[in-house]
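Below you'll find the structure, written out as C-alpha cells, and then a few comments.
The values are calculated or read from the model by the stated rules, or taken from the named source; none is laboratory data. The structure presented is a predicted model; accordingly, all values stated were derived computationally and were not measured. Neighbour counts run over all protein chains shown; Cβ positions are idealised from the backbone, glycine included.
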Amino acid sequence: MKVLKFGGTSVGSAERMQHVADLITDGQQKIVVLSAMSGTTNSLIQISDYAKRDNHAAAAEVLNELTRKYHLEIDALYATESCRNEALRRIEEFLNQLRKLYLMPIGEQVEKEIVAMGEQMSTNMMTLLLQERGVKATLMPALDFMCLDENGEPSLPLITEKLHAIWSSYKDYDIVITQGFICRNHNGRISNLKRGGSDYSASLIGAAIDADEIQIWTDIDGMHNNDPRFVANTKPVPQLSFEEAAELAYFGAKILHPTCILPAKLKNIPVRLLNTLEPSAQGTTISNTFKQGKIEAVAAKDGICAIRILSGRMLMAYGFLRQMFEIFEKYRTSIDLITTSEVAVSLTIDNTDHLDSIVDELRNLGTVTVERNMVIISVVGDLNTQNVGYEAKVVDALKEIPVRMISYGGSDHNISILIRAEDKTRALQALSDNLF
Ligand code: ADP
Ligand code: ASP
Ligand code: MG
C-alpha cells in the first residue's frame with residue numbers, strides 16, 4: 001500500500017481539493033495524509049498569539065476571516081446540498097470551539113489545541129467530498145495513533161502498535177484519510193510534529209505499515225538543486241539517496257520536514273516528491289540508490305548561532321571536548337557543525353532557548369564568543385574524500401564571501417559552510433553558477 005501526503009497548497013482551495021480527489025481516486029487502496037489548507041495554520045497561530053496578548057479584537061478579526069474563507073470554499077466544494085450542510089456543520093463545530101478557546105487564558109496546551117484544528121478541518125472536508133463522489137473513503141483520526149514519547153519525539157514502535165490495533169476498522173476502505181502534523185504527547189494531550197510536520201506524519205505512517213512507497217505531493221516538481229525562493233533557474237533532482245535527502249531537509253530544503261526521511265530510511269521505503277500542479281512530472285525519488293560522481297544540490301538553514309570557545313587548557317589536553325559536550329547535553333541542545341583548532345573550538349546550534357546558561361557554563365572552560373544570525377549552507381552529493389577537487393569547487397564558488405566555518409569529511413555526501421545571513425542569497429547563487 002502507498003501513503004500519499006498532500007501539503008497546504010495542494011488542498012488550499014475547493015478547486016485544489018477537487019483536483020486531489022481526482023488524483024487519488026484510482027481504485028487502489030491508500031492512506032492519504034493531509035495538511036491544513038494553506039494559510040490556516042498561520043491564521044490559527046496568529047489567533048492564539050493575539051489572544052495571548054489579550055488582543056481579542058485582532059484575534060476575532062483573523063477568526064472572522066477564517067470563517068469567511070471556509071464558508072466560501074465549502075460552498076464551492078460540494079455538488080449536493082446535504083454534503084455542503086454536513087461540511088458546514090462539522091467546520092462550524094471546530095470554529096465554535098475556537099471561538100471559546102481564544103477567550104480562555106492561552107497556555108501552551110490551548111495553543112496546541114487551536115493549531116491542531118487546521119488539519120482536522122481539511123481532512124473532514126476531503127473525506128466528505130470523496131464520499132459525495134461515491135468513493136469508499138473514511139477518516140482515520142491521527143489523534144488515535146500518532147504519538148510522542150517522554151522526550152517529545154514521535155515513537156515509531158508505539159505508533160506502529162496503535163495503528164495496527166485500529167487498522168481492522170479501516171482495512172475495507174479504498175481511501176483512508178488522516179491528518180498530518182497533529183499527534184498526542186505521552187500524556188495523551190494534543191500536540192504536533194512542528195511546522196511542516198505533515199511530511200513526517202506520512203513517513204511515520206509509511207514506516208508503521210511497511211508501505212510500498214511514500215509520496216509527498218506539493219507545489220513544485222521535486223527537490224530542486226538549490227532553493228527556488230532565492231535562486232533563479234533551479235532544476236529538479238531526479239534521484240537522491242536517503243542520506244542526501246535527509247541532509248538537505250535538515251539543512252533547510254523546505255520541501256521536506258527536517259527529520260521526515262529517517263523513518264522511511266529505517267524501513268527502506270522509497271519516498272517520491274511529486275507536484276500536484278503537474279502530476280506527470282518526474283519529481284524526485286529518494287531511495288537507497290546513490291549516484292556517484294555528482295554534486296546534487298545546495299540548501300541553506302537560517303537562524304544559526306555560532307559559539308567559539310578559546311582555551312589554553314585545550315592544548316595537548318584530553319577530556320576537554322567531553323566537558324564541553326556535556327554542557328550542551330545538559331541543556332538538550334544539539335550541535336550542528338563543529339570545527340577545532342589546537343586552542344579553540346567553534347560550533348553551531350539552532351536552538352538558542354538555553355544559550356545564556358550554556359554560555360555561562362562554557363565560560364568555565366575558556367573565553368566564549370557568540371555570533372548570531374548566521375546561515376549554514378549545505379552542499380550535498382558525492383563528496384567522498386577520494387573525489388579530488390569537489391570541495392575546491394565549492395570553496396572557489398565562495399571566494400568573494402566571508403566564510404566563518406567549513407565542515408568537510410564528516411560524511412561522504414556533504415560539505416557545510418557557515419556564513420553571515422546577509423551573504424546567503426549571494427552565496428547560494430554563486431554555488432549554483434559554479435556547480436550546476
Ligand atoms: P507543502 O505545503 O506542500 O508542505 P512546502 O511549502 O512545505 O509545501 O514545501 C514546498 C516549497 O519548498 C516549495 O514551494 C519551495 O518554495 C520550497 N523549497 C525550498 N527549497 C527547495 C528545494 N531545494 N526544492 C524544492 N522546493 C524547495
Ligand atoms: N499545517 C502545518 C504547517 O503549516 C503542517 C504542514 O503543513 O506540514 O506547518
Ligand atoms: Mg511542507
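Computed values, structure above
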| item | result |
| --- | --- |
| Residue match in the range 5-27 (condition: within 10 Å of ligand 1 (Cβ to nearest atom), more than 23 Å from Tyr78 (Cβ to Cβ) and outside any helix (DSSP H, G or I)) | yes |
| Pairs with Cβ under 8 Å, 6+ apart, first in the range 93-114 and surrounded by fewer than 17 Cβ atoms within 10 Å (Cβ to Cβ), second assigned to a loop (DSSP other than H, G, I, E, B) | Gln109/Arg189 |
| Near pairs, Cβ below 8 angstrom, 6+ apart or cross-chain, from the range 259-275 (under 14 Å from Ala208 (Cβ atoms) and within 16 Å of ligand 3 (Cβ to nearest atom)) to any residue that is of a type in the set (Asp, Glu) and at pLDDT 95 or above | Cys260/Asp199 |
| Identity of the residue in the range 144-168, surrounded by fewer than 24 Cβ atoms within 10 Å (Cβ to Cβ) and assigned to a loop (DSSP other than H, G, I, E, B), that ends up farthest from ligand 1 (Cβ to nearest atom) | Glu150 |
| From Ile190, Ile209, Ile166, Ile159, residue being at pLDDT 95 or above and within 16 Å of ligand 2 (Cβ to nearest atom) | Ile190 |
| Among the candidates Glu329, Glu361, residue that is acidic (Asp, Glu), more than 29 Å from Gln429 (Cα to Cα), modelled with pLDDT of 95 or more and loosely packed, with under 14 Cβ neighbours inside 10 Å | Glu329 |
| First in the range 128-147 and farther than 14 Å from Leu34 by Cβ, second anywhere and of a type in the set (Gly, Ala, Ser) and crowded, with 22+ Cβ neighbours inside 10 Å, Cβ under 7 Å, 6 or more apart | Gln131/Ala137 |
| Test: Ile255 is in contact with a Gly (Cβ under 9 Å, 6 or more places away or on another chain), within 13 Å of ligand 3 (Cβ to nearest atom) and among the β-branched types (Val, Ile, Thr) | yes |
| Boolean, Thr138 is out of contact with any Cys (no Cβ under 6 Å at 6 or more places or on another chain), in a strand (DSSP E or B) and polar (S, T, N, Q) | yes |
